[in-house]
Amino acid sequence: MVKPSGQPRDPQSPCTGRIAYAVVCSEHGDVGAPHHLRALADPAATAHRQEHHATR
C-alpha cells in the first residue's frame, strides 16, 4: 500500500513506492526499462501483448 504521495505506508517494507511502472510479462519477465508515467507503461504493455499475438 502506498500513500497518495506515492511513498510506502510502511517505511520498513521493501516497497520503493510509486516511482516507476514496469511492464512485466509472465513469459519474458521485465519488458524494457521501467516507465516513470503509467501513461507510457500501458502502451508498452499493449505493444508487447500484440507481439505475442503476431507470433501465433
Item to check | Members of the range 11-32 that are part of a loop (DSSP other than H, G, I, E, B), under 13 Å from His48 (Cβ atoms) and of a type outside the set (S, T, N, Q) | outcome: Ala22, Val23, Glu27, His28, Val31, Gly32
Next on the checklist: So, in the range 25-56, how many residues would count as being touching a strand residue (DSSP E or B) at 6+ places or on another chain (Cβ under 7 Å), open to solvent by less than 100 Å² (accessible area, probe 1.4 Å), farther than 18 Å from Gly6 by Cα and without any contact (Cβ under 8 Å) to a residue 24 or more places away in the chain?
Outcome noted: 2
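The values are calculated or read from the model by the stated rules, or taken from the named source; none is laboratory data. Bear in mind the structure is a predicted one, so any value in this text is a computation, not a measurement. As a convention, Cβ positions derive from the backbone with ideal geometry for all residues, glycine included, and neighbour counts pool all protein chains shown. Keep in mind that these areas ignore ligands, DNA and RNA; they rest on the heavy atoms of the full protein, side chains included. Shrake-Rupley method; radii C 1.70, N 1.55, O 1.52, S 1.80 Å.
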